[in-house]
Structures are given as C-alpha cells and as structure tokens.
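The values are calculated or read from the model by the stated rules, or taken from the named source; none is laboratory data. What you see is a predicted model, and the numbers here were worked out from it, not measured in a lab. Reconstructed Cβ throughout: ideal geometry from the backbone, glycine too, with neighbour counts over all protein chains shown.
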Amino acid sequence: MGQNGQHGQPANCVFLPPKNGFYMDDSDKIYIEQLKNLLCEAVERQMNRASDFVFLQAYIFERTRENIGLNTLKRIWNYGNTPVTPRSFTLDTLAKSVGYRNFEDMKLFYGDEGADASDKILGKVVSSSELRPGDHVTLCWDPGRRCTVEYLGSNAYRVVSSERTKLKPGNTFQTAFFATGSPLILSNLVQDDSFAPLYEIGRKTGVTQLTVETAK
C-alpha cells in the first residue's frame, strides 16, 4: 500500500496541518499506540533495548529521508525518558515510514477510535506480518491491472509478474499490508536504476482483488 499512503483516501484529498504543530485530540493517543504497534511490527522489534531505537531510526530514514532523533523515539516509547507529546511532523514521518501519506491518513484508514482497518474499508486485508518469505500475493485493480509479488521478509516484496501496469518483474518495494477497496501506497520502489520513495496504485477504485498463495 492511497501513496505515501498505500491506504486511506484518494490522492486528491488535502489534510490541513494541526495547529501549533501538534495533534491535540485526546483520541490521538489511541492512534499513536496503533502507529507504535505498526512500527514494532515493521522492524520486528519490541523497542525495549537501546539498539532497537538505533535500528528504528535507520529504518525511518531509509523510507522517508527524514531523521527523527533517538531521544524523541525513546520518549515516544517512554524508554528511560520523560514521555513527550509528539509533534505533527514526527507523527507524519512515522506514519510515512509504514506506508501512509501522514498521520491523518493513518487515522482515516483505521477509523473512529482505532477501529480495525477491515471494519473501515469493508474489504480484505493482508498484513505483511501474516506472510512468510516466499509467499505470493496477487492483486488486481482497474482498468484490468494485475500483479503478483513475492514476499521477501521485513515488509519487502519483489514483483514476479505483471499485466498492464508499470510495475515490472524484478522491481522491489516495501509495504506493511495490502487491502481491497483502498488505493495501495508502495514505498522505496526500485525499478532498474530508478527509485521512487512513494508510488500509488489503484488511485480511482482501489485494489479490487487480493489473493495469497503460500510458499510450499
């Protein structure tokens, strides 16, 4: 997965920046915890050691080209520091690193009060955490696009075959999950010698079909 945002809303939606650079809604705490869970899942770490935050910082920079300080990350997880209310820039960057346009996009995708994504979009959801390396995911979107990708581990995929799409066999990208009924935002798409930090497919109608074939 909508561009940064593989998810959520069509790309022509505009999200206004929060006042004073902070998200102030009390319900944001629910979404911040959800975002932390997504990041732990993405890096396959529990964020309970100093080295975990070094790894996470590098992961975020690799996917967004933005640097979030180690102390900021530790305070968000309340790791040996005074807890902090994250700035909107920080939350937006964290959300981008797992495939959303920004923090608001993630909130819209998960619905009111942190509802499950499948409840929000009323479609099938396949999380990278549910897959094993070698599993194949086939997705379709209009008009007549089809692509099969192989899971490589750590949210990374390689295109195996494609029909009527700019994605080509051998291309690689990252995404935290796939979902029908929603556009898909791919991050770090590598095509031959070109690199796209974000790439959106299914902008108009979203992914229409999604199947998984487990590795034998």
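Worth pointing out:
- Those residues of the range 120-174 which are in contact with a helix residue (DSSP H, G or I) (Cβ under 6 Å, 6 or more places away or on another chain) and hydrophobic (A, V, I, L, M, F, W, C), in sequence order: 125
- Any hit, the range 64-71, residues being of a type in the set (Val, Ile, Thr) and at pLDDT 85 or above: yes
- In the range 32-70, the residues that are within 13 Å of residue 96 (Cα to Cα) and either of a type in the set (Val, Ile, Thr) or not assigned by TED's automatic domain parsing to the domain that holds residue 95 (or both): 60, 64, 68
- If you go through the range 151-174 and pick out every residue that is in a strand (DSSP E or B) and surrounded by fewer than 19 Cβ atoms within 10 Å (Cβ to Cβ), you end up with 9.
- Filter pass, residue 48 being surrounded by fewer than 19 Cβ atoms within 10 Å (Cβ to Cβ), under 19 Å from the mean Cα position of the chain (by Cα), modelled with pLDDT of 85 or more and of a type outside the set (Gly, Ala, Ser): no
- Candidates 94, 108: the one that is at pLDDT below 85 and not β-branched (Val, Ile, Thr) is 108.
- Residues being in a strand (DSSP E or B) and among the charged types (D, E, K, R) are represented in the range 206-214 by at least one member.
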